[in-house]
1. Rounded to the nearest 500, what is the chain's calculated 222 nm mean residue ellipticity when only DSSP H runs of at least 4 contribute -39500 (n - 2.57) each, over all residues?
2. Provide the packing ranking of 38-49, 116-127, i.e. peptides ordered by the mean count of other C-beta atoms within 10 Å per residue, highest first.
3. Counting only the backbone N, which residues of the range 141-170 are under 18 Å from the spot 7 Å out from the Cα of residue 78 toward its beta-carbon?
4. Roll a 1.4 Å probe over the protein chains and send me the accessible area per residue for the range 1-143 in Å².
5. Could you give me the ³J(HN,Hα) list for the range 181-192, computed from phi with Karplus coefficients 6.51, -1.76, 1.60 and θ = phi - 60°, whole Hz, x at Gly and Pro?
6. With Cβ to Cβ distances under 13 Å as the rule, what net charge do the other residues near residue 91 carry (K, R +1; D, E -1)?
7. Would you kindly state how much longer the chain becomes between residue 220 and residue 65 on full extension, computed as 0.36 nm times their sequence separation minus their alpha carbon distance, in nm to one decimal?
8. On the accessible surface of the range 82-210, probed at 1.4 Å, how many percent belong to carbon and sulfur atoms?
Amino acid sequence: MNYIYCASIKGLDWSHLQSQKKILNSSSQKDLEQFRFNEDKYRSLIGKMLLLYILKKHENFQGNTLPDISYNNYRKPSIDFMQGGFNISHSNNWVVCAYNDQGAIGVDIEKIVPINIHEYQQALTHNEYNAFLNNNNIDFFQLWTLKEAIMKAEGSGFFLSPTSFEIPFPFTNHRQINIKENNWYLYSQSFQDQYMLSIASSHNTQSEIMVTMLPNTILLT
């Protein structure tokens, strides 16, 4: 099953979050303090808090300190003992952490803003770019968040070029795409009116997908 947990940083300040640094080891606490802007600090810490919530809820983790997170050469995170996979994304006021209890997952959230499609030509395939020019029914943020989710699920980030694969169009949820012999199930939805939220999962998304908005009162306990 695929789970997506969401939390907002809106209305938070450091007095609300400072005590939560205790869930991080000393090295991660130092990394947190390197952020120049408070909002980036909040997003990073909330993401870790969501991950700890998932570990306790789904992985029978009993500790109150987040375990060490390992990263591959392309900065994909993992935790050694986890049975499932996780991935974190954030945009503006929202932070999300996705969890697949049977394998790998990638997630991306983006705030929907006006764009100039010509500025993204180099990040789209020839077919995708032409489709945008000729068809107003294509949702750029749906396509882009799906591409990012796939690249994150693959664990290679932008080392997997977004122009090396295409999102099936017209897109419908639960479509599959094969990347380097990995099969990914795709799911996308609008979120809070102003955002697009997408996942790429190794587990069939036609089974239930649970999207949960967690109030800060739960995370801060």
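1. Value at 222 nm, helices only, nearest 500: -8000 deg cm²/dmol.
2. 38-49, 116-127
3. Counting backbone N atoms under 18 Å from the label point, the list is 150-160.
4. 53
5. For the range 181-192, the Karplus curve yields 6, 9, 9, 10, 9, 10, 8, 8, 8, 6, 9, 6 Hz.
6. -2
7. The span from residue 220 to residue 65 would gain 54.4 nm if fully extended.
8. With neighbouring chains kept in place, the figure for the range 82-210 is 42 percent.
The values are calculated or read from the model by the stated rules, or taken from the named source; none is laboratory data. Keep in mind that this is a model prediction, so the values were computed, not measured. Note that we place each Cβ from the backbone using ideal geometry, even for glycine, and neighbour counts take in every protein chain shown. Accessible surface is based on the protein model in full, side chains and every heavy atom, while ligands, DNA and RNA are left aside. Shrake-Rupley method; radii C 1.70, N 1.55, O 1.52, S 1.80 Å.
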